[in-house]
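The values are calculated or read from the model by the stated rules, or taken from the named source; none is laboratory data. Quick caveat: nothing in here was measured; it's all calculated off a predicted structure. Here the Cβ positions follow ideal geometry from the backbone for every residue, glycine too, while neighbour counts run over all protein chains shown.
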Amino acid sequence: MNCQQCDEHLIDYVVAELAPDERAAVARHLAGCPTCAVASCRLRADLDGVAQAAAMSPPPALRARVRAAAAASFRPPWWRRTLASGLRPVPAYGLAVASLLPVIVWASVHAWADRTDHPTPTTSRPVVVADYDASAPLTRTWNVL
């Protein structure tokens, strides 16, 4: 067996998933090749480290409690979240304002015109037209009392 073939079977050899005859061939090669033997030791140490790290990790319940506590401590207060949602640029807000703006302008113009076009009368007596002649030409000015 050469180094390339040994390298292809090395992971299976370390985790003991090789057939007995292939396992014996890899073991003979490792006994005679210091480069592959060092690679085998490094691979075994890496896999042992991964297994040890997995065994030392905290239980899922503890991890969930820590994440919930961290999220709660970094979460902004309710009033800041409400303010942020109101100030968020949403296209629907722009459409609503753009559609209401002409209505608001129209209503304010008509309200202002109603106040200025019809002044309140100062007297309660009726208007009397004096010096009216139906046969007179229309260019004449009329006096209104």
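Taking the numbered list (1) in contact with a His (Cβ under 6 Å, 6 or more places away or on another chain); (2) in a loop (DSSP other than H, G, I, E, B) in turn, VAL26 passes all entries but (2). Select, from ARG67, ARG125, the only residue that is out of contact with any helix residue (DSSP H, G or I) (no Cβ under 8 Å at 6 or more places or on another chain), farther than 30 Å from VAL14 by Cβ and modelled with pLDDT under 85. Answer to the check: ARG125. Within the range 77-112, the set of residues being under 25 Å from the mean Cα position of the chain (by Cα) and surrounded by 10 or more Cβ atoms within 10 Å (Cβ to Cβ) comprises ARG80, ARG81, THR82, LEU83, ALA84, VAL90, TYR93, GLY94, LEU95, ALA96, VAL97.
Pairing residues of the range 33-53 that are basic (Lys, Arg) with residues that are surrounded by 10 or more Cβ atoms within 10 Å (Cβ to Cβ), at Cβ distances under 8 Å and at least 6 apart in sequence or on separate chains, gives ARG44/VAL14.
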